[in-house]
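Chemist: I have a structure here, written as structure tokens, and I will follow up with some questions on it.
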Amino acid sequence: MSHNSGALEALFTAGQRIWVAGSSNEPQALLELLGELPLPADLTFIQFPLPGMNGTDFSGLSPTTRMETFFMSPALKGAAADRLSYVPMQMRAVYDYLAHDLDGVLLQAARNADGELCLGPNVDFAAAALEATRFLAVEVNEAITAPAGAPRLSRKPDFSITSSRPLPELPAPAIDDAAAAIGRLVAQLVKDGDCIQTGIGSIPAAILRELTAHNDLGLHGGLIDDGGMALVRAGNVTGARKAIDRGLHITGMALGSAELYDWLAGEPAVRFRGADHTHEVSVIRELENFVSVNSAVEVDLFGQVNAEFAGGRQLSGTGGSVDFMRSARSSRGGRSIIAKNATARGGTVSRIVPRVEMVTALRTDVDRVVTEYGVAELDGVGVAERARRLIAIAAPEFRDALLEAAPN
């Protein structure tokens, strides 16, 4: 394997579009080397970064580099405004977007227990990008063992560099009383044999913690974390009733502790698939009783969801939540749930609002909203009654004002 920076530099020419893997599969040593190179003009770097894990502002690599991102993070606050483009796009659509017009791919790989070079613990868009790209630069991380269920690297790198560094870990979230209450309420909506999808944070962690009395659950989603691992180990998640991928636990990425990453190296039942499978409605509709649980910044009295925008600025991104919401609605017996705290900013702001600031999900995408005050069932309910039910799960001190604003 080459460590010649000149060999990497030779791959770049002016005007190229380069995809960089994100989340736990970001090639950090490769990016450090890239930062030392004299880059040609007008390169565009494309990434789906995860806040807290990926902190590279690619617009800062040179006076002419640009960055396209599908997710905003605090690390991008100082980016050059004229050279940073936030692209609102669902994860399933990002996969197809990256299947065209790419010149380069930068990603991390590792060897599995059999010595085969595999993609690391995030494969969301890799297959699409690898199919489309003209060149591939790989960081081979020798400090980790690739997940047993991760796909093999499908093409020979044009440049590779060796590193030895631990993967970034996602700290276990603190579960407060409100999150615990929401976890209990959502768990009551989950039945034995359901196939579940959750996200990151204290509320998803609280939900998974409350599922230890359930049997034969399935797992199909964008990520697996320590909570999902615990349910697989305990036998609560078996996938035994899934119509497809039976007995397998489907994920696009792993985010969690070193213990999680080590466990995945010897757990072939956890299969890593791209967003064309994890977020694809025609796949998920085959999974009966698919339960999608996502969060939100705010929900309005029509049931519209804002999951990305506050105070006039983009906080995060559209992500994959709507892919899962709509897929759950297409699954026989499926449920699309929004679970969130009733308030924000220390209880001074209601997260049930008259109108959302930005619509991430339509009012037709969600059938249940859960806060620590209860469950609002919206499926098949008219406009006025939807508002009444949402007000009933708002924090009590905000209910009168919401009643004044409610649609008739």
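The values are calculated or read from the model by the stated rules, or taken from the named source; none is laboratory data. Quantities reported herein were computed from a predicted structural model and do not represent experimental measurements. We place every Cβ from the backbone using ideal geometry, glycine too, and count neighbours over all the protein chains shown. Surface areas here come from the heavy atoms of the whole protein model, side chains and all, with no ligands, DNA or RNA. Shrake-Rupley method; radii C 1.70, N 1.55, O 1.52, S 1.80 Å.
Chemist: With +1 on each Lys and Arg Cβ and -1 on each Asp and Glu Cβ, how big is the dipole of segment 189-339 about its Cα centre, in debye rounded to the nearest 20?
Modeler: So the dipole magnitude of segment 189-339 works out to roughly 340 debye.
Chemist: Under DSSP H, which helices of the chain have Cα atoms covering 18 Å or more of the helix axis and a Kyte-Doolittle average no less than -1.0?
Modeler: 177-189
Chemist: Summarise the accessible area of segment 109-225 (1.4 Å probe, protein heavy atoms) by the percent that is carbon and sulfur.
Modeler: So the carbon and sulfur contribution to the accessible surface is 47 percent.
Chemist: Along the positive direction of the dipole of the chain (beta-carbon charges: Lys, Arg +1; Asp, Glu -1; about the Cα centre), which of Leu153, Ala339, Leu378 reaches farthest?
Modeler: Leu378
Chemist: A further question follows. With a 1.4 Å probe and all protein chains in place, put His214, His220 in order of accessible area, largest first.
Modeler: Ranked list, largest accessible area first: His214, His220.
Chemist: Related question: Calculate the length of the line joining the C-alpha centroid of segment 241-320 to that of segment 167-200, in whole Å.
Modeler: 13
Chemist: Oh, and also: Send over a whole-number figure in Å² for the accessible area per residue of segment 269-327, probe 1.4 Å.
Modeler: 31
Chemist: If you find the alpha carbon centre of segment 1-63 and of segment 76-133, how far apart are they in angstrom?
Modeler: One Cα centre to the other: 12 Å.
Chemist: Taking every pair of alpha-carbon atoms in segment 112-226, what share in percent sits in each 10 Å bin, from 0 to the bin with the longest distance?
Modeler: 12, 32, 26, 20, 10, 0
Chemist: Any idea what the dipole of the chain comes to, in debye rounded to 20, about its Cα centre with Lys/Arg Cβ at +1 and Asp/Glu Cβ at -1?
Modeler: Dipole size: approximately 760 debye.
Chemist: Per residue of the chain, what 222 nm ellipticity follows from adding -39500 (n - 2.57) for every DSSP H run with n ≥ 4, rounded to the nearest 500?
Modeler: -6500 deg cm²/dmol
Chemist: Just the number, please: percent antiparallel of the DSSP beta bridges in segment 257-408, rounded to the nearest 5.
Modeler: 55
Chemist: Please list 389-399, 85-95 highest first by mean number of surrounding beta-carbon atoms within 10 Å per residue.
Modeler: Ranked from most to least packed, the peptides come out as 85-95, 389-399.
Chemist: Compare Lys191, Lys77, Lys242, Lys156 by solvent-accessible area with a 1.4 Å probe and give them largest first, with all protein chains kept in place.
Modeler: Lys156, Lys77, Lys191, Lys242
Chemist: Roughly how compact is segment 356-396, stated as its Cα Rg over 2.2 N^0.38 Å to two decimals?
Modeler: Compared with the compact-globule rule of thumb, segment 356-396 sits at 1.14.
Chemist: Given a 1.4 Å probe, how much area per residue of segment 116-264 is accessible, in Å²?
Modeler: Per residue, segment 116-264 has 38 Å² of solvent-accessible surface.
Chemist: Sticking with this structure for a sec: Sort 119-126, 106-113, 357-364, 159-166 by packing, meaning the average of other beta carbons within 10 Å per residue, with the highest value first.
Modeler: 119-126, 106-113, 357-364, 159-166
Chemist: Accessible area of segment 244-320 with a 1.4 Å probe: how many percent of it is carbon plus sulfur?
Modeler: 45
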